[in-house]
1. What single numbered condition from (1) within 17 Å of the chain's Cα centre (by Cα); (2) modelled with pLDDT of 90 or more; (3) open to solvent by less than 30 Å² (accessible area, probe 1.4 Å) fails to hold for Leu265?
2. With a cut-off of at least 2 residues that are hydroxyl-bearing (Ser, Thr, Tyr), name the strands (runs of 3 or more DSSP E) lying wholly within region 60-169.
3. I need the full set of residues from region 208-240 which are surrounded by 14 or more Cβ atoms within 10 Å (Cβ to Cβ), of a type outside the set (Phe, Trp, Tyr) and assigned to a helix (DSSP H, G or I), in order please.
4. List pairs: first in region 125-136 and closer than 13 Å to Asn283 by Cβ, second among the polar types (S, T, N, Q), Cβ under 7 Å, 6+ apart or cross-chain?
5. Of the residues that sit in region 65-121 and are basic (Lys, Arg), in contact with a helix residue (DSSP H, G or I) (Cβ under 8 Å, 6 or more places away or on another chain) and buried (at least 18 other Cβ atoms within 10 Å of the Cβ), which one is farthest from Gln271 (Cα to Cα)?
6. May I ask you to list the residues in region 157-185 that are of a type in the set (Phe, Trp, Tyr) and under 17 Å from the mean Cα position of the chain (by Cα)?
7. Looking at region 268-290, which of its residues are in contact with a Lys or Arg (Cβ under 8 Å, 6 or more places away or on another chain), within 30 Å of Ile326 (Cβ to Cβ) and open to solvent by 20 Å² or more (accessible area, probe 1.4 Å)?
8. Test of understanding: among Pro188, Pro181, which residue is outside any helix (DSSP H, G or I), open to solvent by 70 Å² or more (accessible area, probe 1.4 Å) and at negative phi?
Amino acid sequence: MSQASQPQPTSSSGIFNKILLAISVGFSAWAYLKARPPPPKTLGSPNGPTITSPRIKLRDGRHLAYEESGVQKETAKSKIIFVHGFSNSKHYHPFATSASPGLVKELGVYFVSIDRPGYGESDPDPKRTVKSLALDIEELADQLNLGPKFYVAGFSMGGQVIWSCLKYIPHRLAGAVLISPAINFWWPNLPLNLTNEEYSRQLKRDQWSLRVAHHLPWLTYWWNTQTWFPVFSVLRGHPARISPTDREIFSKMFSAADPIKLNILRTHPKQQGDFESLHRDLNITFGKWEFDPMDIENPFPNNDGKVHLWMGDDDWIVPVTLQRYIAEQVKWVNYHEVTGAGHTLPYADGVADDILKSLLKNQN
């Protein structure tokens, strides 16, 4: 046989390249499956969570769940939409649980507390953006006939949502209050020296979790469910993020709740799954924003409304130094700092009453 007709041996490097390619493809497929979150549990389905709350149907077909409290809507002097925080739901409503009923009646306040998309009994919003929830709130107000203007109040990550309301629906607001609002370390107008200092004070596990949420949001589900590295501390109730004041308030809140109510508080927020509630929250809160809150123009140039920002100086979750800087730059915000208070500020004795008084003073 001639040399040309003889079978040629396969080189060892060629075999190695094929093996490497197979391993790479296999690893990529495995990584894709691990990074891909499971579908949410469908509300009202045979195996899904039960629907027990009133809900409105939004223009895009999603449903938004809500709970009413305070005085009757028809006789109310003021109407407030409350937005809950991270890993909470509409049942975590400080004005319904901590405010004085006598003051609420005196001020004539009607409250409606919502489940944010993916939480509790509100459908997930796979297209959720910084702007979308503000538009959901406006649509809720219209469907509930709250009138041309209403108040908005939010706590923690729900407090951050109020910036979106001030940006996108200021014409619908009679006033607003941000309570211990979450801060995005990547807002452009925050000075690097302050953000770097406060970021370095975060737990290492949280620094990595926030980097993933900001730079690689598609990996957020995998990062917070894998077992190789520590995940976002708040997801695990890490004691290093809870101040002594907050521990005391949590203890009072949960010890006073009956077992059924306590079970609802614990299970209701993320009953549709962690991704559409907790993980998407991280991506929105610490992702790339369409605007910087410090660029928002005064929504009440004629002094026909007020914006208040409340903060505890012993908050171990939201950096008070960054909050002070924002309040100094946004001159039209009325800043209130409570000495000795932690992140659970609105549940502290008398604070919910003080917030209502400052928000509604001379507004009725």
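The values are calculated or read from the model by the stated rules, or taken from the named source; none is laboratory data. These numbers come from a predicted model, not from an experiment. Quick reminder, even Gly has a Cβ in these numbers, built from the backbone with ideal geometry, and neighbours come from all protein chains shown. For the accessible areas, the whole protein counts, side chains as well, though only heavy atoms, and no ligand, DNA or RNA atoms are used. Shrake-Rupley method; radii C 1.70, N 1.55, O 1.52, S 1.80 Å.
1. Looking at each condition in turn, Leu265 falls short on (2).
2. 63-70, 109-114
3. Ser209, Leu210, Arg211, Val212, Ala213, His214, Pro217, Leu219, Thr220, Ser233, Val234, Leu235
4. That search, which allows pairs on different chains as well, returns Asp125/Ser132; Val130/Ser164.
5. Lys79
6. Trp163, Phe185
7. Hits for region 268-290 are Arg280, Ile284, Glu290.
8. On inspection, the qualifying residue turns out to be Pro188.
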